[in-house]
Amino acid sequence: MALGILISSAGRRAGLVDCFRRSGEALGLELKIVACDLRPELSAACHLADVALALPRCTDAGYVDALIDIVEAHDIRLVVPTIDPELEVLASARDAFARRGARVHVSPESVIAVARDKLRTAEVLAAAGVPVPRTRAFDPTSHANGFAWPMFLKPSGGSASRGIRVVSGPQELPDAIDEPMVLQQLLHGPEYTVNMFVDIDGTLRSVVAHRRLSVRAGEVEKGRTERAPLFTQLAAGVLRALPEARGVLCFQLIQDPGAGPCVFEINARFGGGYPLAHHAGAEFSRWLLEEVADLPRTAHDGWRDGVTMLRYDAAVFEG
């Protein structure tokens, strides 16, 4: 019988579908990849999956029930969310999926609550000794005194570069906000994504950093893997701050000439640039399948340095 994998909010994640398919083949597993999206007919990843199904928005009251129906109908063993807004609702429903024999690839709610809040991210990481940029909650009713301008203004729960902008001084701050916002130290220098794999027992098994050479819509377009002790030390610090984290996570940092390396964001999921780490030899998708299928675990940190990814636009055609 095929082992069922469900990738939710699949969208453009064709590369992730391919990584799981290749990992299944390498393990000798027959996989059934189910990809779901709001409009699967318009999702490239859904067209590359074995089964494509529609799901309501993750903010819909019926989202979890719809996912559970698919899990039961297709004998799903692993559910892989791909966007930040899904994580909290799925973390709260992990037990419901487990009772049906499915593991949801999501860390506990305590981890998601920190990762989805940029102010808490800065506070919790700093308490664990991880360097972070100066970060404050933005209150439009109070004076922003004592700030070193310019700064970043960004949604505390934002992702994919949504709603961020540089403000050069108090005169550019909004008079009102629709959601919690933070003001954060504006950093300069090379930017990195660091991919982490934490096994089911809580051990950090692999740390893969790539320099973000070019970014589009918040996702790396061109990147190159770089190995350095600094990245492993920072990843160990992130896990020290979030000891309940499991599976795949990634965080972003900038090496500022003055402030040094500063971690400013955590994504408790597969990052958009994961295919680069996979191609370099850090096959997180394989290691998750090994855990789910109760196979010998082969997670390692022996990935290749200096591997470059140059993304380009491709197309899936129908009809």
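Could you list, in sequence order, all residues of region 33-58 that are surrounded by fewer than 20 Cβ atoms within 10 Å (Cβ to Cβ) and either under 20 Å from PHE284 (Cβ atoms) or assigned by TED's automatic domain parsing to the domain that holds GLU283 (or both)?
LEU48, the sole residue that qualifies.
Hand me the list of helices (runs of 4 or more DSSP H) wholly inside region 56-117 holding 1 or more residues that are closer than 19 Å to ASP199 by Cα.
Helices (runs of 4 or more DSSP H) meeting the threshold: 84-92, 94-98, 109-115.
Return the pair list, or none, for Cβ contacts closer than 6 Å from residues in region 137-152 that are at pLDDT 85 or above and part of a strand (DSSP E or B) to residues that are of a type in the set (S, T, N, Q) and surrounded by 16 or more Cβ atoms within 10 Å (Cβ to Cβ), at least 6 apart or on different chains.
So the pair list comes out as PHE152/GLN184.
Give the residue that is surrounded by the most Cβ atoms within 10 Å (Cβ to Cβ), with candidates limited to residues of region 287-319 that are within 18 Å of ILE5 (Cβ to Cβ), acidic (Asp, Glu) and under 21 Å from the mean Cα position of the chain (by Cα).
Per the stated criteria, the residue is GLU290.
Would region 177-186 turn up any residue that is farther than 24 Å from MET309 by Cα, without any contact (Cβ under 8 Å) to a residue 60 or more places away in the chain and touching a Leu at 6+ places or on another chain (Cβ under 7 Å)?
yes
Report, by residue number, each residue of region 193-209 that is small (Gly, Ala, Ser) and outside any loop (DSSP other than H, G, I, E, B). Steps first, answer last, please.
Initially, region 193-209 is screened for residues small (Gly, Ala, Ser), giving 202, 206, 209.
SER206, ALA209, listed by residue number.
Select from region 201-232 the residues that are closer than 23 Å to PRO108 by Cα and of a type outside the set (A, V, I, L, M) and list them in ascending order.
ASP201, GLY202, THR203, ARG205, SER206, THR232
Please work out which residue is modelled with the highest pLDDT, limiting yourself to region 153-193 and to residues that are surrounded by fewer than 17 Cβ atoms within 10 Å (Cβ to Cβ) and among the hydrophobic types (A, V, I, L, M, F, W, C).
Only one residue tops the list, namely VAL166.
I'd like the full set of residues that are more than 11 Å from GLY237 (Cβ to Cβ) and either touching a Gly at 6+ places or on another chain (Cβ under 8 Å) or without any contact (Cβ under 8 Å) to a residue 60 or more places away in the chain (or both), limited to region 117-133.
Passing the criteria: ASP117, LYS118, ARG120, GLU123.
I'd like to know if region 109-116 contains one or more residues that are in contact (Cβ under 8 Å) with a residue 24 or more places away in the chain, within 30 Å of VAL316 (Cβ to Cβ) and not small (Gly, Ala, Ser).
Taking every residue of region 109-116 in turn, none turns out to be in contact (Cβ under 8 Å) with a residue 24 or more places away in the chain, within 30 Å of VAL316 (Cβ to Cβ) and not small (Gly, Ala, Ser).
Could you list all residues from region 93-111 that are in contact with a helix residue (DSSP H, G or I) (Cβ under 6 Å, 6 or more places away or on another chain) and closer than 19 Å to ARG57 by Cα?
Result: ALA93, VAL104, VAL106.
Report yes if ALA52 is over 21 Å from the mean Cα position of the chain (by Cα) and part of a strand (DSSP E or B), otherwise no.
Against the criterion (over 21 Å from the mean Cα position of the chain (by Cα) and part of a strand (DSSP E or B)), ALA52 qualifies.
The values are calculated or read from the model by the stated rules, or taken from the named source; none is laboratory data. Here the structure is a predicted model, which means the values were calculated and not measured. Neighbour counts are summed over all protein chains in view; Cβ atoms, including those assigned to glycine, are modelled from backbone coordinates with ideal geometry.
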